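**Student:** Here you go, one structure.
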Amino acid sequence: MYNPKSQQAETFINHAEIMDTLAFAKAHADDSSLCTEILAKAAQKKGLSHRESAVLLLNSDPKITKAIEKLAKRIKLDIYGNRIVIFAPLYLSNYCINGCVYCPYHSQNQHIVRKKLTQKDIIKEVTALQDMGHKRLAIEAGEDPVHNPISYILECINTIYHIRHKNGAIRRVNVNIAATTEEEYHMLKNAGIGTYILFQETYHKESYEKLHPTGPKHDYAYHTEAMDRAMAGGIDDVGLGVLFGLENYPYELVGLLMHAEHLEAVHGVGPHTISIPRIKRADDINPDDFDNGIDDDTFAKICAIIRISVPYTGMIISTRENQSVRERLLPLGISQISGGSKTSVGGYVKPETNKENSQQFDVSDQRTLDEIVAWLMKLGYIPSFCTACYREGRTGDRFMTFCKNGQIQNFCHPNALITLQEYLQDYASAYTKQIGEMLLPRLFEQIPNSLIREKTKQYLDDIAQKNMRDFRF
Ligand code: SF4
Ligand code: SF4
């Protein structure tokens, strides 16, 4: 029986409930007055149930799709403004004992080069990332208790936080490692991580077991219940995601939203972020081998529906997607993107040749971080390197309270300007700097609170004139 408050995977992600939801959605998808009613509810920015979202997803009327996208754009602007937070992935190790059939790091892949960064390597990689201008990383590692035990991950986090190079610093480390125990999540919490990210890959248990034929990840319940252990271990901010293309997308969207509802029901706070990766080509992986690929229009609709269904959950799109797809998705709800990414182990210092390929997927958006920053500003967005919330203790339900009462706007906008000013002073090309310096005064005028505006002015001047850094609200 479906119960969002249960702590058992198959009860809170209940197959019968998903099938029932999809049958209901199919039966009512053409009911335009119901869709209009659901959209009116979504416009209140209190979210939608998985059943309501499914009805919108299966509706095929282009007018309704337009209305969904229009509302997603409005909600995105109301809650996140035109800021886009930037991060980069850092691959620590591609040793892995799992058999995920969609990932080139799977243990049977004999021709991928296996690498693991030493602490010295990490200093070099992070220095290169700092020199690009990054302040926020997502560390990634395969599951391998011998090569990548928790002690290794903790050592890496500690190293990363202590690297100081010129004006550079990594101020927030998010972690994407395999499902683990409550005790190890507690260790990650104590190491000062930002968000713990774990993609479900697919919510469909039978497919999940086929796609993960070997290794500890085969255990659907252990994987699906990981976020509950993470939260019990003290991690406030968790990031969900499915790999679109593995299973049929309506099933996945319903599962994803049920997972968000479950976290809210049990822990009082939903997911901090949702990522929406699509399966991509990589060594030993051909996306055409998977039957459930989704086209760009469907992908955009999914993005918009997630935005209106969980308005206060950040949404992430990576360099798996090319510039034009990213450009299309940004206004529909995306709040974070990666930039200048390398998906190979050690790739920031030494670009790889095909022969020594260790990357997890082909990067579609290969532009530099500087090009991404300039592109965002030209599109009217504010690139933000802000990491303030977790450093100010605004995490979990505290963070969500600020989000829901709108106060977060008093932090995000000035913090975006402060961190953009740092980027322009320290890392931007002359061209990017010119665009940024034209933009900043206008953005500064948009700070509504006069006290905050005054303080921000002081911070911006101190960064430019006194070489001071790391101001935040
Ligand atoms: Fe290993 Fe993760 Fe790749 Fe699976 S998806 S093979 S767990 S690195
Ligand atoms: Fe994110 Fe908080 Fe910074 Fe806003 S103020 S961009 S929510 S870290």
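**Student:** Express the relative contact order of the chain as a whole percentage, based on alpha carbon pairs under 8 Å and six or more residues apart in sequence.
**Tutor:** Value for the chain: 19 percent.
**Student:** Using the Karplus curve 6.51 cos²θ - 1.76 cosθ + 1.60 with θ = phi - 60°, what ³J(HN,Hα) values do you get for each residue of the range 430-437, in whole Hz, with x for Gly and Pro?
**Tutor:** Whole-Hz 3J(HN,Hα) from phi for the range 430-437: 4, 5, 5, 4, 4, 5, x, 5.
**Student:** Let's see if you can work this out: charge +1 on each Lys and Arg Cβ, -1 on each Asp and Glu Cβ, no other charges. What is the dipole magnitude of the range 268-312 about its Cα centre, in debye to the nearest 20?
**Tutor:** The dipole of the range 268-312 has a size of about 400 debye.
**Student:** Got a sec? Which residues in the range 38-53 would a label at Asp61 touch, if it sits 7 Å along Cα→Cβ and we count backbone N under 13 Å?
**Tutor:** Residues 38-40 qualify, since their backbone N sits under 13 Å from the label point.
**Student:** Using 0.36 nm times the number of residues separating Asn248 and His15, minus their current alpha carbon distance, what extension gain do you get?
**Tutor:** Extra length from Asn248 to His15 when fully extended: 82.5 nm.
**Student:** Another one. Any idea how far apart Lys205 and Val349 come out in nm if each label point goes 7 Å out from Cα toward Cβ?
**Tutor:** So the two model labels end up 4.6 nm from each other.
**Student:** Among all cysteines in the chain, which have no other cysteine Cβ under 4.7 Å from their own Cβ?
**Tutor:** Cys35, Cys96, Cys156, Cys303, Cys386, Cys389, Cys403, Cys412
**Student:** On a C-alpha basis, how far is the centre of the range 422-447 from the centre of the range 24-50 in Å? Whole number, if you could?
**Tutor:** If you average the Cα positions of each part, the centres end up 41 Å apart.
**Student:** Now for a separate question. Short version: what are the Cα gyration tensor semi-axes of the range 116-215, square root of 5 times each eigenvalue, largest first, in whole Å?
**Tutor:** 28, 14, 13
**Student:** Still on this model: Using a basic spin-label model with each label point 7 Å from the Cα along Cα→Cβ, how many nm lie between Arg472 and Arg281?
**Tutor:** 4.0
**Student:** Is the shape of the range 344-454 best called rounded, prolate or oblate, per the rule: a/c under 1.5 gives rounded, else a/b larger than b/c gives prolate, else oblate, with a ≥ b ≥ c the square roots of the Cα gyration tensor eigenvalues?
**Tutor:** Because a/c hits 1.5 or more and a/b fails to exceed b/c, the range 344-454 counts as oblate.
**Student:** So for the range 363-473, averaging the separation of alpha carbon pairs under 8 Å that are six or more residues apart and normalising by length, what relative contact order in percent results?
**Tutor:** Computed over the range 363-473, the figure is 31 percent.
**Student:** Please report, in debye to the nearest 20, how large the charge dipole of the chain is about its Cα centre when each Lys and Arg carries +1 at its beta carbon and each Asp and Glu carries -1 there.
**Tutor:** Roughly 1840 debye, rounded to the nearest 20.
**Student:** Please report, as a whole percent, how much of the solvent-accessible surface of the chain comes from carbon and sulfur atoms (probe radius 1.4 Å).
**Tutor:** 51
**Student:** May I ask for the Rg/Rh ratio of the chain, computed from Cα atoms with Rh as the Kirkwood radius, given to two decimals?
**Tutor:** Reported Rg/Rh, Kirkwood definition of Rh: 0.95.
**Student:** May I pose another question? Taking amide H positions as placed in the peptide plane 1.01 Å from N, state which residues far from Thr180 in sequence (5 or more) or on other chains have amide H under 5 Å from it.
**Tutor:** none
**Student:** Right, another one. If you roll a 1.4 Å probe over the heavy atoms of the protein chains, what accessible area per residue do you get for the chain, in Å²?
**Tutor:** Per residue, the chain has an accessible area of 40 Å².
**Student:** With a cut-off of 8 Å between alpha carbons and a minimum separation of six or more residues, what is the relative contact order of the range 1-64 in percent?
**Tutor:** 32
**Student:** Which FRET efficiency, nearest 0.05, do Val146 and Asp295 yield, Cβ-Cβ r, R0 45 Å?
**Tutor:** 0.60
**Student:** Can you pull out the trypsin sites (Lys or Arg not before Pro) in the range 1-89 whose DSSP state is coil and whose Cβ has at most 14 other Cβ atoms within 10 Å?
**Tutor:** Counting only loop positions with at most 14 other Cβ atoms within 10 Å, the trypsin sites (Lys or Arg not before Pro) in the range 1-89 are Lys5, Lys46.
The values are calculated or read from the model by the stated rules, or taken from the named source; none is laboratory data. Please read these numbers as outputs of a predicted model, since none were measured by experiment. Here Cβ is always computed from backbone atoms with ideal geometry, including for glycine, and neighbour counts include all displayed protein chains. Only protein heavy atoms, including side chains, enter the accessible area calculation; ligands, DNA and RNA are left aside. Shrake-Rupley method; radii C 1.70, N 1.55, O 1.52, S 1.80 Å.
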